[in-house]
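Just below is one structure, and these are the notes that go with it.
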Amino acid sequence: MIKQTLLNFKFKRTDEKLTPHAGATLFTEFMLAFGVKKLIQRIMPSPGSNRGYDAWQYIHPIVLMLLAGGRHIDDLREIAEDKALRESTGMGKVPSSSAVGDWIRRSGNGEGIVKLKTVIDEANRKALQIHEAKEYTLWSDPTIIETEKYDAKMTYKGVKGYKPIVTAFKELPIIVYHEFRHGNVAGVPLQALSHAYELLPEGKRIKHACLDSEFYTAEVINFLRSKGTTFSIVADKTGAVMDAIKRIKHWRELRTEEGILTNRQIGETVHVMKGTEAFRLVVQRWKKEQIDLFDSEPYCYHV
């Protein structure tokens, strides 16, 4: 033993197994207690032979690897070589990186992805059932991921990349819908919203939706109104919207929730889109002598 006189701790030699990923054991405990392992074993396809790994034996180390900051399949070696972690989580033998890669490709080409989405849906339903809230705020937003990969497509921002979309609830940190998309995908399927309603248990509802401009369509607005959901959607700067902005006569100073004055102004008018009822169009603009209307941020509201 080394006596330490400057700081209040001591060094001691031990033959016990140690792990730098102690937090991962708690996450495994959560997955087991929440029933994620049972869901995976019940829903995911079985291995092709008695000697093969089942889906949980692939997914478990992948999740812990990502939780520990891993970025590549080869990073699974850190999990495989961490005997203390494997012993404390009951993981057993970890599949090789090549075996995991083969399983991911088989899952992508077969029914694995569909089955995995079912696992996620069942887990989300359970989370919603036990959550105390009765009303939820829905948000959905595509995110541009810039990349130089050969199959990446040009996005509307002028860079190559992908544009995945994620739908979630404000009151509960779960993702209820996700889709990985190419960067040149235009518009958004109504499924990104409708799927959230399908997951809701009886007695719960989506009270409000906050959405990106890709949702500024008559189809989405009519759908939300049919569900009794109020909404705020970033409006596309179409010719009709810009004409409506120019007709706004009264602007007021915009303040924060704390009452602090900002360098922006806010105005509103009534607007209508073909195939919808009228809604409020609320606009923010920067304060300056010559207002550039293309610096305005319009939002359509239904409350």
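The values are calculated or read from the model by the stated rules, or taken from the named source; none is laboratory data. Because the structure is predicted, anything quoted here is derived from the model rather than measured. Heads up, the Cβs are rebuilt from the backbone with ideal geometry, glycines too, and the neighbour counts pull from every protein chain shown. With ligands, DNA and RNA removed, areas are computed over all heavy atoms of the protein, side chains included. Shrake-Rupley method; radii C 1.70, N 1.55, O 1.52, S 1.80 Å.
Here are the numbers for the structure shown:
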item: The chain - percent of accessible surface contributed by carbon and sulfur, probe 1.4 Å; result: 52
item: Test item: Cα-centred dipole of segment 172-272, Lys/Arg +1 and Asp/Glu -1 on Cβ, debye; result: 340
item: Computed [θ] at 222 nm, deg cm²/dmol, the chain (DSSP H ≥ 4; -39,500 (n - 2.57); rounded to nearest 500); result: -10000 deg cm²/dmol
item: Relative contact order of segment 86-211, defined on C-alpha pairs under 8 angstrom at six or more residues apart (%); result: 25
item: Fraction of the pair-distance distribution of the chain above 35 Å, Cα-Cα pairs, percent; result: 40
item: Farthest positive-ward along the chain dipole, Cα basis, beta-carbon charges - from Ala123, Ile233, Ser194; result: Ala123
item: Radius 12 Å from Cβ of Gly161, net charge of other residues (Lys, Arg +1; Asp, Glu -1); result: +3
item: Environment charge at Tyr136 (Cβ cut-off 13 Å; Lys +1, Arg +1, Asp -1, Glu -1); result: +3
item: Relative contact order computed over the chain (Cα-Cα under 8 Å; 6+ residues apart), in percent; result: 10
item: Charge dipole (debye, nearest 20) of segment 80-134; +1 at Cβ of Lys and Arg, -1 at Cβ of Asp and Glu; result: 140
item: Cα centre as origin, Lys/Arg/Asp/Glu Cβ charges: the chain dipole, Debye; result: 260
item: Estimated translational D of segment 196-282 in µm²/s (Stokes, Kirkwood radius over Cα pairs; 20 °C; 1.002 mPa s); result: 142
item: Unit charges at the beta carbon, dipole of the chain: most positive-side option, Thr19, Ile175, Met65; result: Thr19
item: Degrees between helix 112-130 axis and first principal axis of the chain (Cα, 0 to 90, nearest 10); result: 80
item: Per residue solvent-accessible surface (Å²) - the chain, probe of 1.4 Å; result: 63
item: Relative contact order, percent, segment 1-146 [alpha-carbon distance under 8 Å, six or more residues apart]; result: 24
item: Most to least packed among 12-25, 51-64, 241-254 [average Cβ atoms within 10 Å]; result: 51-64, 241-254, 12-25
item: Gyration tensor verdict on segment 110-257 (Cα atoms; rounded if a/c is under 1.5, prolate if a/b is larger than b/c, oblate otherwise); result: oblate
